[in-house]
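Contents: one structure, followed by commentary.
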Amino acid sequence: MGKHSQLLGLNVTLTCQARKNIQTVEWSRADLRQEYVFLYRDGRKTLVHQHPSFKNRVDLKDKQMKDGDVSLILKNVTINDTGTYECRVVETGTSGLKSLYDTEPIKFVDLRVIMLWGLCQFCYSLLVNELSAENRKHLVPL
């Protein structure tokens, strides 16, 4: 399983590699039930049944999927994006969506979104502990 940590508000790339003969790519999260994160089928993105929170925020890193790269770019990540993502691929020559549902994920990616404020608080605490008493009086409290 791949693991990613990303700061709130930034973009993250969820990596996934497949063979070259790609007919369908689906990125999903189990907690979204029947809605998906991203679906590419028959040469184009499909927006029907996409979970609303991902609309206009996801796309393939390489739209031509050269060399089987089906990595997903997730823009402006939020705390609600935290979770385990599944990448599924159906190769050309297999039959439609039924094959997609029967296909095991080729990769799981665990994404944890970190709030910048929490990170700054931690860094601030470390800084305060490292400074001498004389220098601490010049710090502005957060």
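In segment 19-67, what residues are buried (at least 16 other Cβ atoms within 10 Å of the Cβ) and on the phi > 0 side of the Ramachandran plot?
Across segment 19-67, the qualifying residue is only Met65.
Can you tell me which residues in segment 4-29 are outside any strand (DSSP E or B), of a type in the set (A, V, I, L, M, F, W, C) and modelled with pLDDT of 90 or more?
Selection gives Cys16, Ala18.
Tell me, please, whether a residue that is over 14 Å from the mean Cα position of the chain (by Cα) and either farther than 22 Å from Gly9 by Cα or surrounded by 14 or more Cβ atoms within 10 Å (Cβ to Cβ) (or both) can be found in segment 69-84.
yes
The values are calculated or read from the model by the stated rules, or taken from the named source; none is laboratory data. The structure displayed is predicted, hence computed values, not measured ones. Neighbour counts run over all protein chains shown; Cβ positions are idealised from the backbone, glycine included.
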